[in-house]
Protein chains: 2
Amino acid sequence: MPRLKEDEETLRRLERLGKQVVERIREGDNPYFERPVRSRSNVVFNEEEGLLDLGDSKSKRYFMNIGHARKFMQSMLVASKCKELIEEERTASIRELYYQLKHTIPGLDENTLEDQDESNPVIVDLETALDSLREHLHLIAEPKGRLFGPITIEDEGDQINCLKLGKSGLGIPSMVDDYKFVEHNADYVLVVETSAMAARLVEENFHKDQNAIIVSAGGQPSRGVRRLTNILHNRLDLPVYVFTDGDPYGYYIYSVLTAGSMNLAFESNRLATPEANLVGMTMADIENYGLEKVTEKLKGKHPDESGGPTKDYKRAVELMDYEWFKHKEWQKELQTMIDEGVRVEQQALATNNLQFVADTYLPEKINSGKYLP
Amino acid sequence: MPRLKEDEETLRRLERLGKQVVERIREGDNPYFERPVRSRSNVVFNEEEGLLDLGDSKSKRYFMNIGHARKFMQSMLVASKCKELIEEERTASIRELYYQLKHTIPGLDENTLEDQDESNPVIVDLETALDSLREHLHLIAEPKGRLFGPITIEDEGDQINCLKLGKSGLGIPSMVDDYKFVEHNADYVLVVETSAMAARLVEENFHKDQNAIIVSAGGQPSRGVRRLTNILHNRLDLPVYVFTDGDPYGYYIYSVLTAGSMNLAFESNRLATPEANLVGMTMADIENYGLEKVTEKLKGKHPDESGGPTKDYKRAVELMDYEWFKHKEWQKELQTMIDEGVRVEQQALATNNLQFVADTYLPEKINSGKYLP
């Protein structure tokens with residue numbers, strides 16, 4: 001029997017999908033299932049919620065359609081296997097799911113799946129058709145990221161005091177929906193781009209001194225990190241601060257955490273945290289903290305150069321086009337970066353001394369209450 | 001005051017280095033420091049120990065040599081900063097070290113360091129000159145990997161029961177030398193290539209049922225994972241099994257764990273575990289476990305093709321040349337892979353059922369006592 005409310009709900013949705021198909025077959029109709037269109041044309045920015053969302057366009061996939069039949073069959077296989085996983089209280093990686101479903105169809109010289117490129121999009125179809133998350137279908141992604149700080153989490157029956165995990169920290173799994181937050185003494189959540197900076201903050205006892213839950217993303221945040229940030233904010237009502245490099249890649253990471261990503265727009269409301277604030281690094285920090293000597297050059301060609309913009313410049317120009325970066329302060333930030341052609345890393349703060357980031361920079365920035373909007 | 005015996009030893013070595021330089025200056029001599037040559041010509045396979053090692057060639061770096069002076073200055077800067085780190089009981093990422101040391105030399109229009117490509121090789125010079133590990137110099141690398149299982153580790157004064165960390169597990173830090181193993185009830189260590197397979201084993205309670213410490217490498221093992229495997233084996237006398245994909249990349253991972261890597265040959269005795277055994281996947285598994293339908297093709301060109309070998313084939317051919325793979329069983333394994341042109345992933349075992357790997361495959365392989373040599 002499933003343990004989570006979400007599991008019961010997902011099972012109900014899977015069963016409804018199956019029953020609709022069976023019903024149509026019984027009535028002699030062409031069975032189909034319907035899901036939202038995922039192409040960019042149907043991705044919209046929900047201004048009120050502050051995140052990306054799918055629009056209203058839907059499309060149907062029919063069994064009795066030579067162009068749809070194979071995908072329809074695969075969708076039914078995936079749906080049926082996910083139902084089994086939830087009922088068995090197991091999870092599977094999307095790679096395992098592929099191996100579990102790959103077999104030769106009896107009486108035919110055809111495989112259900114040729115490679116994982118066939119099963120992966122079918123999983124996304126099912127997520128959108130059911131308005132669900134792949135984690136709710138018990139499919140897990142590559143885990144990445146760590147957590148440190150004054151919170152006790154119950155995971156698989158184990159109560160884990162995350163303040164008592166030395167400099168090692170808790171590995172953030174792919175699936176965090178079943179985490180129970182037993183108690184906490186945290187004032188906020190700080191998501192940190194690089195694991196080296198998170199290690200610095202832990203070494204300086206920042207999580208203890210500042211009552212901060214440090215989420216170390218280790219680069220682009222995994223689904224687990226994004227979902228965990230979302231539920232820490234929503235369930236515990238904790239403010240979220242994001243600490244990235246001051247460069248187009250860092251701002252993109254912030255963008256994904258706050259508004260969601262184009263490809264996964266249908267999941268933004270569960271994976272993104274629109275109220276998250278960026279505490280830095282920013283272009284203004286360079287002057288304010290005397291970092292002029294430790295900036296790095298942006299990579300690629302400036303928009304004014306022939307063939308430009310490329311690389312860092314291209315990404316910065318793209319970011320300027322995002323609706324949630326249309327605010328004039330963000331436009332100014334990005335334009336300054338492009339004009340000056342510089343980036344500034346979190347670790348550049350070490351130029352003063354190693355503890356500066358923990359005892360001066362972050363407390364100042366967080367307490368100032370002034371963040372890019 | 002440094003806490004670890006290693007710290008005291010490293011301080012002694014740093015001081016000796018500094019004193020030698022000062023002595024030569026006082027005597028009016030040209031100061032230098034000496035370190036082993038690291039080029040491949042000086043990398044040897046130590047048959048007795050079963051690991052890669054540096055040979056006896058040494059070279060000197062002089063201050064009063066126009067080609068050496070800048071590097072000499074940088075080496076002294078790095079050595080001096082590392083001494084400071086150890087004395088302050090701090091660690092720094094190699095990125096932070098770069099930012100800490102980068103400054104304009106007073107009276108000159110020259111920077112101590114232009115970019116990190118200058119400081120990184122100097123760090124390695126110092127490691128070899130002192131016959132030390134960068135972690136002993138308090139420099140940390142990107143952390144990666146997780147640990148699960150019946151062992152209590154003391155880290156920064158926190159006692160962590162790694163059997164009580166749910167499906168999240170302990171994040172393996174870059175620096176594990178200071179870990180204290182308080183108590184354990186483990187029969188062996190199992191290093192697992194992919195985090196998804198480690199998650200599978202944890203979900204099946206493999207670590208609990210089999211008294212196994214699971215080390216999830218998450219791909220190519222980090223320095224922390226390699227060092228942790230080494231000290232778990234050496235300090236606790238635990239057998240180590242390595243579970244990788246059956247492909248050239250997986251065997252290379254095994255090779256790095258067991259014999260060390262060419263680039264870091266000088267550290268093999270601290271990072272590698274020559275007694276580690278590969279439990280799979282192997283070419284023989286394909287027939288033994290009925291995996292014929294779920295193999296994948298090797299990528300690239302077969303050695304017999306024009307322009308071949310490339311990609312997977314190229315790596316397999318290279319592995320056949322490694323001295324520790326000269327045993328006829330390994331030669332046969334690699335030759336079979338090349339001849340058949342197939343690879344087999346850990347997760348292919350899911351084709352039977354998800355729990356098969358935990359309740360049948362691994363216990364059988366580990367108990368058989370038969371491993372590739």
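Each reported figure results from applying straightforward, stated rules to the coordinates on display, with no laboratory input. Everything numeric in this text was worked out from a predicted model, so none of it was measured. Positions of Cβ are backbone-derived with ideal geometry, glycine not excepted, and every protein chain shown enters the neighbour counts.
In this simple spin-label approximation, residue A:131 and residue B:57 carry label points 7 Å from Cα along the Cα→Cβ vector, and these lie 6.9 nm apart. Distances from residue B:318 to the same position in the other copies: list them in nm, one decimal, shortest first, using label points 7 Å from Cα along Cα→Cβ. When each copy's label point is compared with this one, the spacings are 3.1 nm. Find the relative contact order for the stretch B:149-368 and round it to a whole percent, using C-alpha pairs within less than 8 Å whose residues are 6+ positions apart. Answer for the stretch B:149-368 is 17 percent.
Coupling constants for the stretch A:317-323 follow from the phi torsions by the Karplus curve (6.51 cos²θ - 1.76 cosθ + 1.60, θ = phi - 60°), and in residue order they are 5, 4, 4, 4, 8, 5, 4 Hz; glycine and proline get x.
Who wins for biggest fluctuation among B:160, B:86, B:105 in a Gaussian network model of chain B, springs between alpha carbons below 10 Å? Checking each option, the largest mean-square fluctuation is seen for B:105. For residue A:140, nonlocal amide neighbours, meaning residues 5 or more places apart or on other chains whose placed amide H falls under 5 Å from its own, are A:92, A:93, A:94.
Give the dimensionless ratio obtained when the Cα radius of gyration of the stretch B:244-373 is divided by 2.2 N^0.38 Å.
On the way: Rg = 15.1 Å, N = 130, 2.2 N^0.38 = 14.0 Å.
Ratio of Cα Rg to 2.2 N^0.38 Å: 1.08.
Qualifying trypsin sites (Lys or Arg not before Pro) in the stretch A:133-196, where qualification requires a DSSP coil assignment and no more than 16 other C-beta atoms within 10 Å, comprise A:164. Under a 5 Å amide H cut-off, with hydrogens placed 1.01 Å from N, residue B:372 pairs with B:278 among residues at least 5 apart or on other chains.
Where a ≥ b ≥ c are the square roots of the eigenvalues of the C-alpha gyration tensor, would you call the stretch A:1-110 rounded, which needs a/c under 1.5, or, failing that, prolate if a/b is larger than b/c, or oblate? The shape class here is oblate.
How would you classify the stretch B:150-193 from its alpha-carbon gyration tensor, with a ≥ b ≥ c the square roots of the eigenvalues: rounded for a/c under 1.5, else prolate if a/b is greater than b/c, otherwise oblate?
Rounded shape, in that the Cα axes give a/c under 1.5.
3J(HN,Hα) along the stretch A:149-166: x, x, 8, 9, 10, 9, 10, 6, x, 8, 8, 10, 7, 6, 8, 10, 10, x Hz, from the Karplus curve 6.51 cos²θ - 1.76 cosθ + 1.60 with θ = phi - 60°, whole Hz, x for Gly and Pro.
Tell me, what is a quarter of the convex hull surface for the C-alpha atoms of the protein assembly as shown, in nm² with one decimal?
Details: hull surface 144.9 nm².
So the Cα hull casts an average projection of 36.2 nm².
Less than 5 angstrom separates the built amide H of residue B:308 from none of the residues sequence-distant by 5 or more or on a different chain. What separates the Cα centres of the stretch A:273-287 and the stretch A:118-132 is a distance of 35 Å. Placing dummy labels 7 Å off each Cα toward the beta-carbon, the span from residue B:90 to residue A:302 is 3.6 nm.
Sequence gap at least 6, Cα distance under 8 Å: using those rules, report the relative contact order of chain A to the nearest whole percent. Mind dumping the intermediate values first?
On the way: 640 pairs, mean separation 49.5, N = 373.
About 13 percent, as a whole number.
Scaled to the globular estimate 2.2 N^0.38 Å, the Cα spread of the stretch B:126-222, given as radius of gyration, is 1.15. Sorted from closest to farthest, the other copies place their residue B:73 label points 7.1 nm away, with each point set 7 Å from Cα along Cα→Cβ. Per the Debye formula with a single identical scatterer at each Cα and no solvent contribution, what log10 I(q)/I(0) holds for the stretch B:149-368 at q = 0.17, 0.18 Å⁻¹? At q = 0.17, 0.18 Å⁻¹ the computed log10 ratios are -1.22, -1.34.
The label-point distance for residue A:26 and residue A:40, in a model that sets each label 7 Å from Cα toward Cβ, rounds to 4.5 nm. What does DSSP give for the protein assembly as shown in terms of the percent of beta bridges that are antiparallel, rounded to the nearest 5? About 65 percent, rounded to the nearest 5.
3J(HN,Hα) couplings calculated from phi for the stretch A:255-269 with the Karplus curve 6.51 cos²θ - 1.76 cosθ + 1.60 (θ = phi - 60°) are, in sequence order, 4, 5, 5, 8, 10, x, 10, 3, 5, 10, 4, 5, 10, 4, 5 Hz; Gly and Pro show x. Taking only the C-alpha atoms of chain B, Rg followed by Dmax gives 23.1, 75 Å.
If you find the alpha carbon centre of the stretch B:177-250 and of the stretch A:20-67, how far apart are they in angstrom? The stretch B:177-250 and the stretch A:20-67 have Cα centres separated by 44 Å. In this assembly of identical copies, the label point of residue B:305 (Cα plus 7 Å along Cα-to-Cβ) is separated from its counterparts by 3.7 nm, sorted shortest first. Measuring nothing but how far apart in sequence close Cα pairs (under 8 Å, 6+ apart) lie, relative to its length, the stretch A:5-140 scores a relative contact order of 26 percent.
Among residues of chain B, the one whose beta-carbon sits closest to the B-to-A rotation axis is listed with its distance in Å as B:171, 2.
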